[in-house]
């Protein structure tokens, strides 16, 4: 671009120089014509001018010299007029040439100034480019150093991996210990949450007991004042003193003991009649069946991952440990969607009475459950203890589960002869977003599932394209199915038992 600009500048400069040369030649020619006309004019003027004494002699002796009648004065006058007209035209041409010369000079000055500006700008841009090149060179050197360091670290990591692979038994032990620790951490988190809820409830009960205690102390003071008045009036002080000093004072002391026991760890044990009767919570533990635990193995079953998973997805779930779950009757573990919506939503207060008092956490119960269906999510678990995947992340849900969360899972089973869908409680799951489905994984689905998911995509994302076009986009890989991973943590017997009891009560009430 700079070469084109400079070529245009040089071209304009050369054209202006040629114009100046031509104008100077024209000016020289006009000046020569002007000098010629001036010399002719001077000649004519000298020829017309005669001395005064000669004119006087001609007047005195008019006949001495004969008149030259052959001289034509009119021709001289015409020549003089032509010369004056040519001189005027020469002056005008001279002025015009001077103006053009001045304009050319101004244009040359403007071009020189523009040239200087362009040169300065070019120098500035060149300097800036040199600075950028220096910066890029510096960054490139840093990147090379970082690359060399990364290569060194990668070599060390590769050596460490080789060393780990050289000891397969130890790596398996470390992996098993890691997953055991992670499972224990999740269990402890749930236990801490339960204990926090229980502590919150106990604090509220403690504040209520403190208020009752203050009222009892006030009543005791009033009674003591009344007794003192009665002692002053009556003459049986010896009989009233034991009543006032022992019975009522000991009652007030007992009430104070209750307050200190509720607020401190080293105080006397409070009266159990004053505290609410709450069930004691034990830390949740995952028990693996062994040969020595024969009875427990009979009561608990261990399930595996859901079937029909691709090898890559199966490998992702294979690292999770198999967690034993209680044996649950499938016929009992079946809840209608309307019942769950009411029991875990608007009628959740009715469900609270079936839960232990320390488990009452309205927000945790009403907002921490999922209800997918197997016809929309073929990789979803169908039995407690299984791991699996859900296809969640369209439209408003695209940013959900980027961070792992804990959710209660109810899976919708296929509709039976009654055309009513029931949901089965599977337990608490850790939900984490993972990579989208590949084209091969998408092609493993049946045409009905593909078409249904294409229609779901149009509804969730407000896509105006027909389902066939969306289906073609999934087939080509332009669109991909979002996916979240479900890791089984535990089976919450409290929630399951509460739902069963609530359902049975509703059934009895309808009868």
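Return yes when residue 132 is within 30 Å of residue 8 (Cβ to Cβ) and under 33 Å from the mean Cα position of the chain (by Cα) and no when it is not. In short, yes. In the set (1) more than 35 Å from the chain's Cα centre (by Cα); (2) in a helix (DSSP H, G or I); (3) at pLDDT 80 or above, residue 350 fails one condition alone, (3).
Residue-by-condition table, conditions (1) in contact with a strand residue (DSSP E or B) (Cβ under 9 Å, 6 or more places away or on another chain); (2) modelled with pLDDT of 85 or more; (3) surrounded by 10 or more Cβ atoms within 10 Å (Cβ to Cβ):
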position: 1; (1), (2), (3): no, no, no
position: 4; (1), (2), (3): no, no, no
position: 10; (1), (2), (3): no, no, yes
position: 33; (1), (2), (3): no, yes, yes
position: 36; (1), (2), (3): no, yes, yes
position: 39; (1), (2), (3): no, yes, yes
position: 42; (1), (2), (3): no, no, yes
position: 51; (1), (2), (3): no, no, no
position: 60; (1), (2), (3): no, no, no
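Within region 322-329, is even one residue in contact with a helix residue (DSSP H, G or I) (Cβ under 6 Å, 6 or more places away or on another chain), farther than 26 Å from residue 454 by Cβ and either modelled with pLDDT of 90 or more or surrounded by 14 or more Cβ atoms within 10 Å (Cβ to Cβ) (or both)? No; the residues of region 322-329 include none that is in contact with a helix residue (DSSP H, G or I) (Cβ under 6 Å, 6 or more places away or on another chain), farther than 26 Å from residue 454 by Cβ and either modelled with pLDDT of 90 or more or surrounded by 14 or more Cβ atoms within 10 Å (Cβ to Cβ) (or both). Annotation: residue 345 fulfils all but one of (1) in a helix (DSSP H, G or I); (2) free of Cβ contacts under 8 Å to residues at least 40 places away in the same chain; (3) surrounded by 19 or more Cβ atoms within 10 Å (Cβ to Cβ); the unmet one is (3).
The criterion of at least 1 residues that are free of Cβ contacts under 8 Å to residues at least 12 places away in the same chain and more than 20 Å from residue 314 (Cβ to Cβ) is met by the following helices (runs of 4 or more DSSP H) wholly inside region 418-511: 447-461, 467-476, 493-510. The set of residues from region 396-410 being surrounded by 11 or more Cβ atoms within 10 Å (Cβ to Cβ) and at negative phi comprises 397, 398, 400, 402, 404, 405, 406, 407, 408, 409, 410. The number of residues in region 190-224 being over 30 Å from residue 405 (Cβ atoms) and in contact with a helix residue (DSSP H, G or I) (Cβ under 8 Å, 6 or more places away or on another chain) comes to 9.
Residue by residue, here is whether (1) modelled with pLDDT of 85 or more; (2) surrounded by 11 or more Cβ atoms within 10 Å (Cβ to Cβ) holds:
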position: 125; (1), (2): yes, yes
position: 151; (1), (2): yes, no
position: 165; (1), (2): no, no
position: 187; (1), (2): no, yes
position: 191; (1), (2): no, yes
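The residues on offer are 384, 378, and the sole one that is in contact with a strand residue (DSSP E or B) (Cβ under 6 Å, 6 or more places away or on another chain), at pLDDT 90 or above and not in a strand (DSSP E or B) is 384.
Evaluated against (1) on the phi < 0 side of the Ramachandran plot; (2) surrounded by 14 or more Cβ atoms within 10 Å (Cβ to Cβ), residue 510 falls short on exactly one condition, (2).
The values are calculated or read from the model by the stated rules, or taken from the named source; none is laboratory data. Small disclaimer: the values here were computed from a predicted structure and weren't measured. Note: ideal-geometry Cβ built from the backbone for every residue, glycine included; neighbour counts use all protein chains shown.
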